[in-house]
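The values are calculated or read from the model by the stated rules, or taken from the named source; none is laboratory data. If you're wondering where the values come from, they're calculated on a predicted model, not measured in any experiment. No Cβ is skipped: glycine too gets one built from the backbone with ideal geometry, and neighbour counts run over all protein chains shown. To get the accessible areas, we keep the full protein, side chains included, count just its heavy atoms, and leave off ligands, DNA and RNA. Shrake-Rupley method; radii C 1.70, N 1.55, O 1.52, S 1.80 Å.
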Amino acid sequence: MSFEDIKLLLSEKFGPEVIIGEETGGLQPALLIEPLRIAEVCLELRNNPKTYFDFLSSITGVDYGIEAMRFGVVYHLASIPYQTQLTLKVSVENNRDLDNLPSFPSITSVYRTADWHEREAYDLVGIFFDGHPDLRRILLPDDWDGFPLRKDYKTAEYYKGIKIDF
Amino acid sequence: MSSEMNDSGGVVITKMNDLLNWARLSSLWPLSFGIACCAIEFMGAFASTYDLDRYGVFPRPSARQADVLIIAGTVTFKMAERIKRLYEQMPEPKYVISMGSCSNCGGPYWQHGYHVVKGVDRVIPVDVYVQGCPPRPESLIGAILELQKKIEGERLVG
């Protein structure tokens, strides 16, 4: 199924408002999806026999920069039987306050792989996934402060009495 | 040390100090513990080409049985706590070899590595540093010989 066919399929199933836009400039075209409906879109793309995106290659958390005040998540789906790939992007505005994390629906109910991917995005970029069964840090120690891959992250001076900087 | 042989058997005369040092330096058992790519060279040093066993260096799976802790790889802050605990579990006398740039000083992560301890000597005391990224097995063997020299000069008292 081509990119255009997938677009058509999604807007027929969920209405045209589910696709906010598209990016075709990159190596692979991407669909910008309405953030709150990403889980149902993934479920449909996985279950529909015409698309059958049965494999979640990766989830990436994105910090679009301090001026943009925007966080996003990129989903790379792959269909093993059809040998096709699809990129989905969602993003929301956020004031970068650590008490107000950008939030997206979790897709762990669709792809079990998403569990650790979402934990990694939470750990390093500080993105909250609503409905995730066990959203803890995965790489850094549990008592780490802040999210290191955010653009405004400042390294602390000490961690448990050990100086961090060289 | 000097030895005399007669019909009833051999006699070895030595100083207690020398005997202990000789025993310690001839059986440096490292903990089989690797954290990053340096561990590949560490394993290579034990394999048939370099055969560290000929120096009495034989890896132990338990910190309780180990004499030397070879820090072979990048020490993250999460791992630093575990390394400290392993070091504390080792019986005295114990020695530490810091193997490779990462555990010497943070290596390639010295500037932007928020998660890397800039030198394992910020966590535990180090006896011998091995430079390289990663060091070849010859360098590690060199460090073990260097550690043996250090042990040779130890004294029981004073």
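Only one of the numbered conditions (1) in contact with a Lys or Arg (Cβ under 7 Å, 6 or more places away or on another chain); (2) more than 24 Å from residue A:22 (Cβ to Cβ); (3) within 14 Å of another protein chain (Cβ to nearest Cβ) is not met by residue A:120, and that is (1). Among the residues of the stretch B:92-113, is any away from chain A (no Cβ under 14 Å) and surrounded by fewer than 18 Cβ atoms within 10 Å (Cβ to Cβ)? Yes, the stretch B:92-113 contains a residue that is away from chain A (no Cβ under 14 Å) and surrounded by fewer than 18 Cβ atoms within 10 Å (Cβ to Cβ).
Residue A:109 passes every criterion in (1) away from chain B (no Cβ under 14 Å); (2) in contact with a Phe, Trp or Tyr (Cβ under 6 Å, 6 or more places away or on another chain); (3) not aromatic (Phe, Trp, Tyr) apart from (2). Among the residues of the stretch A:107-133, just one is open to solvent by 40 Å² or more (accessible area, probe 1.4 Å), touching a Gly at 6+ places or on another chain (Cβ under 9 Å) and in a loop (DSSP other than H, G, I, E, B), namely A:109. Check off (1) surrounded by 16 or more Cβ atoms within 10 Å (Cβ to Cβ); (2) within 26 Å of residue A:30 (Cα to Cα) for residue A:80 and give me the number that stays unchecked. Of the numbered conditions (1) surrounded by 16 or more Cβ atoms within 10 Å (Cβ to Cβ); (2) within 26 Å of residue A:30 (Cα to Cα), the odd one out for residue A:80 is (1).
Here B:122, B:85 are screened, and the one residue that is facing another protein chain (nearest Cβ under 10 Å), among the charged types (D, E, K, R) and open to solvent by 20 Å² or more (accessible area, probe 1.4 Å) is B:122.
For the stretch A:1-41, the tally of residues that are open to solvent by less than 50 Å² (accessible area, probe 1.4 Å) and within 17 Å of residue A:81 (Cβ to Cβ) stands at 2.
Please go through the stretch A:42-58 and pick out each residue that is over 25 Å from residue A:149 (Cβ atoms), open to solvent by 30 Å² or more (accessible area, probe 1.4 Å) and among the hydroxyl-bearing types (Ser, Thr, Tyr). Matches in the stretch A:42-58: A:52 only. Between A:136, A:150, the distinction of being touching a helix residue (DSSP H, G or I) at 6+ places or on another chain (Cβ under 8 Å) and open to solvent by 40 Å² or more (accessible area, probe 1.4 Å) belongs to A:136 only. Checked against (1) open to solvent by 40 Å² or more (accessible area, probe 1.4 Å); (2) at negative phi, residue B:25 meets all criteria but (1).
For the stretch A:78-106, which residues satisfy the criterion of being more than 29 Å from residue A:152 (Cβ to Cβ), assigned to a strand (DSSP E or B) and among the hydroxyl-bearing types (Ser, Thr, Tyr)? Once the filter is applied, which keeps residues that are more than 29 Å from residue A:152 (Cβ to Cβ), assigned to a strand (DSSP E or B) and among the hydroxyl-bearing types (Ser, Thr, Tyr), the stretch A:78-106 yields A:79, A:84. Residues in the stretch A:59-77 that are open to solvent by 10 Å² or more (accessible area, probe 1.4 Å), of a type outside the set (Gly, Ala, Ser), in contact (Cβ under 8 Å) with a residue 40 or more places away in the chain and not in a loop (DSSP other than H, G, I, E, B): 5 in all. Just the residues that are in a helix (DSSP H, G or I), touching a residue at least 12 places away in the same chain (Cβ under 8 Å) and under 20 Å from residue B:23 (Cα atoms), please, taken from the stretch B:132-158. Within the stretch B:132-158, B:141, B:142, B:143, B:144, B:145, B:146, B:147, B:148, B:150, B:151, B:152 qualify.
Taking every residue in the stretch A:147-159 that is within 11 Å of chain B (Cβ to nearest Cβ) and pairing it with any residue that is among the hydroxyl-bearing types (Ser, Thr, Tyr), at least 6 positions away or on another chain, the pairs with Cβ-Cβ distances below 6 Å are A:148/B:114; A:155/B:114. Looking at the stretch A:1-58, which of its residues are within 13 Å of residue A:79 (Cα to Cα) and assigned to a loop (DSSP other than H, G, I, E, B)? Within the stretch A:1-58, A:1, A:2, A:48, A:49, A:50, A:51, A:52, A:53, A:54 meet the criteria.
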